[in-house]
Every structure is written in C-alpha cells, then in structure tokens.
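One structure below.
The values are calculated or read from the model by the stated rules, or taken from the named source; none is laboratory data. All figures in this text were calculated on a predicted structure; none of them were measured in a lab. Every residue, glycine among them, receives a Cβ derived from its backbone with ideal geometry; neighbour counts consider all protein chains shown.
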Ligand code: PLP
C-alpha cells in the first residue's frame, strides 16, 4: 500500500510543476551579481521569483527580502528592530520565541487566540515604540489569530506589526494589515533553503552583512535554485477552495474517543490536532509510521524527541492530554480515501488502548 503523507505543516511536497522546471534552472546558475550573460540569466530568475512572491503577499517586488528560511525571516523581522519593545504571542513558532531574549509574552485564550483588547492594554501600558509579532495560523493546531484586529490594535498605537504567515498560503487567503510578513518556500510546494520577509513599512537592520545583495538587507549570494522554486510555487498557490475534508475526519476521530484541540476556533482547513487520552503521542507516531502514515506530534523538536508542546501548554491543556496529541496536516491532493485509511489505523490504536 502506498504511504500517505500527512505532515504538510512540516514540509509540503514539492509541486510537480516545480520539479519539472528544476532541470532547466540547473543550467542557469551563474552568480546573480555578475554582469555577464550567465549572471544576468540567474538575476532574471531571482527577480522573476521576487515578483511572484510579492504578488502572493500583496506587496511591491522591491519590498521582498529573500532569506534562507522562514526561521531566518522571523529573526530578521524581530532582531532587525533592536530598540523596539517586543511583544509576541505565547503560541509562536520557536523562531519567534527565541529570536530575542527580551520578548514579552502575550497570553492566549483556551483556544490559542490573542484577544486584541489584551494586546491594546499591553501596548497602552508603555510609551516606548513597539514591535508586535503574531502568527496568522498556528502550525500545531491550525488555530487562526484575528490578524486584522490585532494589526489594527498595534498600528493604532504606532507599533509595527509582524505576521508569521508561513502556514497560510494555499489554505486560506493571505492576511493584510501587517508591516512585516514571513513566508517559507518549503511550506508552499517549493524547496527548503528559501524564505522571505516582505516589508510594507519600516526596514529592519540587516543581520547578515557583507555584499550588497537584497538591497543591503541580507548579504550573501542568492540561493538561485531555491528562490526560483519559491517563486514558481508561490505563483501556483490557490487562494480559495481548499477541499473540505477536515470535518468528516474530525467527527470520525471524536466518535472513537479523540479530542480535537482548538475545536471551536476558526482553524486552517488542513490541520487536525487530536489527542487520544492514555496513548503517548510517541507511541502513536511510531505505530502509524509503521502502518504507512507520516504524521507528527506538534511538539516534535529537532532532535526527533517528543517534548511538551508550548502551544498546548499556553492554551491550558494539561500535560497528560497534550502528551497524547498528534498533528495530522494534509494538502490539496490528499483524498478522502487517504483520510479514511488514516482514520481506520488510528481507530485501531484507540481500540487497543481502550
Ligand atoms: N513559522 C511557522 C509557523 C512554522 O510552522 C515554521 C516551520 O515549521 C517556521 C516559521 C519556520 O520556517 P522554516 O522551516 O522555513 O525555517
């Protein structure tokens, strides 16, 4: 039986159109800063990709800064304004939480959302210029933040608003109202090795200095192949109409003892965070992997070991329930049959544990 890949929030599969274009690009990998024909060919690839990523974000091409990852883009956004007071939500990705040691954490409600009134009150309490960083959609639970209201609350006090929108493209329309926006190529069907920070307002100070690449905002010879793949994948992103498979999957899991975390909040249509009380997430991951399903626990850290999820902890989910939660994240090409097969395997685990 073919394996079923249900870990799109970790890395989405390479889009076939991108795979087909790569051999042609491999012959055009001069240095984009070189003035000869080979260099100019590589420059054209980078600039075409810049326009494509800008179109996805709804920004001007010259406001797109290519980086090597979403992680780097988040670091540039937050560390690029060292003099601003920084407020971030407690459910951000580690690359936001760890970017600056002086970040102040904004609490979330039981469904993982920041209340715009809480943000407004936190900003009102301090006259210093601020930077606020709140993600569009959570990678572990799929829970959406009220980005327009949060951005308005921030901007009403003169604060800059950064939005990590890494999990949005192709699933829901892109958010607006931000001053800085993070994207990552491998989450939308490109290759690993490219990300972008898109600017609507102020410019961050460069973290990587050297050559004048990216208008001095990020030095280093551009990763032309990954950037070209990013651009093409971004141009293929569909804004609407993600297949409606989540509700059916969730009701099957709930009917068999599953608890959906974040249920009741608006969420990404492709993400299900489900706890199976009494069965450790690690045990579920391994059994499901052997049965042919690639899923993850929201809390898998880079060593592959399962730690406690800071996202679920911030939502007030107790350690036992959180420790039994896995994340299923699918894509546009995932079929109802794939999810039915997954549910059958998961129900097998649930029955064994009962
Ligand atoms: N932000 C969010 C919400 C993510 O889910 C991820 C990746 O998991 C990142 C940032 C980091 O992106 P990258 O893998 O490109 O460094």
State all residues of the range 253-294 that are in contact with a strand residue (DSSP E or B) (Cβ under 7 Å, 6 or more places away or on another chain) and free of Cβ contacts under 8 Å to residues at least 40 places away in the same chain; if no residue qualifies, say none.
254, 260, 282
Could you check the range 61-141 for helices (runs of 4 or more DSSP H) lying wholly inside it with 1 or more residues that are more than 20 Å from the chain's Cα centre (by Cα) and either away from the ligand (no atom under 11 Å from the Cβ) or under 24 Å from residue 157 (Cα atoms) (or both)?
116-124
Single condition residue 164 does not satisfy, out of (1) more than 30 Å from residue 40 (Cβ to Cβ); (2) at pLDDT below 95:
(2)
If residue 50 satisfies all but one of (1) touching a residue at least 60 places away in the same chain (Cβ under 8 Å); (2) within 16 Å of the ligand (Cβ to nearest atom); (3) buried (at least 22 other Cβ atoms within 10 Å of the Cβ); (4) over 14 Å from the mean Cα position of the chain (by Cα), what's the number of the condition it fails?
(2)
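Kindly indicate which of 58, 112 is at positive phi, surrounded by fewer than 20 Cβ atoms within 10 Å (Cβ to Cβ) and touching a residue at least 12 places away in the same chain (Cβ under 8 Å). Even if it seems obvious, please write down each step before you answer.
Details: 112 fails: surrounded by fewer than 20 Cβ atoms within 10 Å (Cβ to Cβ).
When all the criteria are applied, what remains is 58.
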Of all residues in the range 324-354, how many are in a loop (DSSP other than H, G, I, E, B) and more than 16 Å from residue 278 (Cβ to Cβ)?
6
Select from the range 19-47 the residues that are closer than 18 Å to residue 218 by Cβ, in contact (Cβ under 8 Å) with a residue 60 or more places away in the chain and assigned to a helix (DSSP H, G or I) and list them in ascending order.
42, 45, 46
